[in-house]
Amino acid sequence: MISARTVLLLTIVFSFGVTAVNARWTGISVDINEISTGLQFETGQRTMRLDNLSLKIEEKTATNLRVGISIGQISIRTANQFPPDNAQKFEGNYLGIYLRLPIQPGEHFSLNGKFSYRYNYASEAISSLANQIEWHDSRFQIGLGAKFQAFRVTPFMVYHRMSGDITNATGTELFDSIDRVSRGISFDYFIEPTAYIRFQLSRGGEDGGYLTFTREY
């Protein structure tokens, strides 16, 4: 699981490091999420539960395109779907990059497109065999937001693919996403004109929820 120390550290960065970040970057956010997804292994299907704690910073270009990087701590549990046994737990980190383009067609509406890629690596939490998991995660998301007063609602759709492998003493086993399409909705509450709290739900290829704290400039 994500450690309380890491949560405290990222909270301090978000709360008190905004002034320093603003000198170079135009946006910063902290994400906490938990999702469940199905993976196809060579020996059958398994379910992965993935917990993330992430820090994202981004820069706005002259064309309004946002370019960002993300780093995070991940906690993973995989288990066979039928029957639900052979569970493995992993702890690790990830590094990602993304491109985000918000378009404002009207005063209350926005169209948002985002492409992201991240590399994930983790090792088994309790094991003398040094089992390891790594995968590549690429996705494209599009959503239409409607904002009224301090609230914004954004239905969205995501195409995503996770592909990687688990390595242990007996060899390497490859895996890939089963369902690559998810749909969901996010709710934003603006505590300031450029700062908001987001709660997001998704269903489909990924089932789960996100809690995000974001400030933009």
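The values are calculated or read from the model by the stated rules, or taken from the named source; none is laboratory data. Because the structure is a prediction, the values reported are computed rather than measured. Don't worry about glycine lacking a Cβ; one is built from the backbone with ideal geometry, like all the others, and counts go over all protein chains shown.
When each of L95, L99 is tested for being part of a strand (DSSP E or B), out of contact with any Ser or Thr (no Cβ under 6 Å at 6 or more places or on another chain) and surrounded by 15 or more Cβ atoms within 10 Å (Cβ to Cβ), the lone residue that passes is L99. Of everything listed in (1) surrounded by fewer than 15 Cβ atoms within 10 Å (Cβ to Cβ); (2) within 19 Å of the chain's Cα centre (by Cα); (3) aromatic (F, W, Y), the single unmet condition for F109 is (2).
Of the strands (runs of 3 or more DSSP E) contained entirely in region 115-187, not one carries at least 2 residues that are basic (K, R) and farther than 18 Å from G209 by Cβ.
In region 1-10 there is no residue that is in contact with a Ser or Thr (Cβ under 8 Å, 6 or more places away or on another chain), under 24 Å from I166 (Cβ atoms) and at pLDDT 95 or above. Just one of (1) in contact with a helix residue (DSSP H, G or I) (Cβ under 9 Å, 6 or more places away or on another chain); (2) surrounded by fewer than 18 Cβ atoms within 10 Å (Cβ to Cβ) fails for F187. It is (1).
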